[in-house]
Amino acid sequence: NPTTVSNTTVNLFNGDVLQEIRIYINPTDYATFKQTNFLCEDQDLASLAGAIISDLPRVICHFPIQFHWIFNGKDIAGPDVDVTSHGKGSRSNVKPSFKIDFTRFESQNTFLGLRYLVLRAGTQDASMIHERVAMTFFRKMGLNAPREASTSLYINDQYAGVYTIVEYVDPVF
């Protein structure tokens with residue numbers, strides 16, 4: 001019976017439904033997030049390359065948020081969540097992409113069994129369909145590929161646009 005289907009990743013990644021996700025972030029944190037959007041990746045790459053980075057000028061790249069998935073009229077809240085910017089050449093201060101980390105504050109936390117999610121803004125694909133079709137094709141061929149679905153994203157109850165929910169490729173994947 002479809003009305004009794006539980007809240008699962010199958011429902012979250014249902015491509016036949018426009019999902020609704022709401023995130024709540026301190027407005028000052030969100031302004032900082034947008035200002036540091038391009039600095040965080042450079043800072044991390046420099047650190048990986050062996051550069052010694054002082055703690056004093058280090059840019060803040062992780063921000064606490066509240067995560068809510070509205071499913072069948074029910075508000076399904078995630079655990080304490082962390083958000084960072086996501087993407088390389090696709091980064092945008094106008095419509096940023098997000099990596100949601102459910103494990104940042106408690107390593108055992110998950111959301112529907114997922115440790116991470118990506119909310120992709122689609123700045124390099126205006127149709128927001130190319131990658132979704134490709135990943136579906138790969139899965140139909142029997143290859144492992146991340147699941148994706150479209151969502152209306154609201155940030156602090158303000159409509160932010162249509163985004164793509166992407167299953168994050170990690171060891172659990």
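Rolling a 1.4 Å probe over the protein chains gives Thr110 an accessible area of about 60 Å².
Please report the net charge: other residues with Cβ closer than 9 Å to the Cβ of Phe63, K and R +1, D and E -1.
Numbers: positive: none; negative: Asp29, Asp82.
Charge balance near Phe63 sits at -2.
Near the amide H of Phe111, within less than 5 Å, lie no amide hydrogens of residues on another chain or at least 5 residues away, with H placed in the peptide plane.
Calculate, in nm to one decimal, what Asn109 and Thr32 gain on full extension: separation in residues at 0.36 nm each, minus their alpha carbon distance.
Numbers: separation 77, 0.36 × 77 = 27.72 nm, distance 2.57 nm.
Fully extending the segment from Asn109 to Thr32 adds 25.1 nm.
The Cβ shell under 14 Å around Phe137 holds other residues with a net charge of +2, Lys and Arg each +1, Asp and Glu each -1. Peptides 112-120, 140-148, 15-23 ranked from most to least packed, by the mean per-residue count of other Cβ atoms within 10 Å: 112-120, 15-23, 140-148. Cross-link partners for Lys95 among the lysines, with Cα-Cα distance under 20 Å and sequence neighbours closer than 8 places in the same chain left out: Lys34. If you take all other residues with their beta carbon under 12 Å from the beta carbon of Glu148, and give Lys and Arg +1 and Asp and Glu -1, the sum is +1.
The values are calculated or read from the model by the stated rules, or taken from the named source; none is laboratory data. Note that the structure is a prediction, hence the values are computed from the model and not measured. Glycine gets a Cβ as well: all are built from the backbone with ideal geometry, and neighbour counts include every protein chain shown. Surface accessibility is based on the protein's heavy atoms, side chains included, excluding ligands, DNA and RNA. Shrake-Rupley method; radii C 1.70, N 1.55, O 1.52, S 1.80 Å.
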